[in-house]
1. Go through the range 114-166 and count every residue that is within 16 Å of ligand 2 (Cβ to nearest atom) and on the phi > 0 side of the Ramachandran plot.
2. With a cut-off of at least 2 residues that are buried (at least 21 other Cβ atoms within 10 Å of the Cβ), name the strands (runs of 3 or more DSSP E) lying wholly within the range 42-125.
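No value in this document is a laboratory result; all are computed from the given coordinates. The model shown is predicted, which means the values in this text are computed figures rather than measured ones. For neighbour counting, all protein chains shown are included, and Cβ atoms are generated from backbone atoms with ideal geometry for every residue, glycine included.
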Ligand SMILES: Nc1ncnc2c1ncn2[C@@H]1O[C@H](COP(=O)(O)OP(=O)(O)OP(=O)(O)O)[C@@H](O)[C@H]1O
Ligand SMILES: [Mg+2]
């Protein structure tokens, strides 16, 4: 996949701007510009404080990881904003994977509806995972399915899956998955 300096895939422009207001997109752009100036060793908590202040979004924050902050758009969709360079690449990677993966695996990854530099909008999934033994077995089965269809599911773990309305296990964080051994994701591993 071709990425420009901001980690955005060239030619991949899905943003129809339908769900976010122009001023919200502007706030995200301001944060992304500031984010680059933040120190690499800054903690996630420090970045979160800085991000939420600059973003000043009126949506409920429903989660975060090390690399992205997640807001509930309250319309069945969630917004993920990058907190780091890895978050930028993860957003671009998810948009790329969702649009280019094989049909056989698409039903196991959370659908992406909009994407632009630094942010992505995905369907909201049920994250009240029960962590039952059965879920761990499903996770292993899922891992085998991805591998079978040529996708390497890096960082696939129970915290990165949720359930669809049909109670199907789906991956909500596939930002480090890859279909390509030359992917920028491998910069961190090789
Ligand atoms: N599609 C979704 N539906 C509902 N909640 C979500 C969704 N995507 C993410 N979340 C919530 O936000 C949290 C963080 O999202 P995500 O794992 O994508 O962030 P991340 O920063 O990439 O994570 P990591 O620390 O693994 O890099 C999730 O653990 C989950 O609670
Ligand atoms: Mg995660």
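1. 2
2. Values: elements: 60-64, 68-72, 77-82, 112-116, 119-123.
Here the list reads 68-72, 77-82, 112-116, 119-123.
Condition check ((1) in contact (Cβ under 8 Å) with a residue 40 or more places away in the chain; (2) within 13 Å of the chain's Cα centre (by Cα)) across all residues:
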position: 75; (1), (2): yes, no
position: 115; (1), (2): yes, yes
position: 118; (1), (2): yes, yes
position: 138; (1), (2): no, no
position: 167; (1), (2): no, no
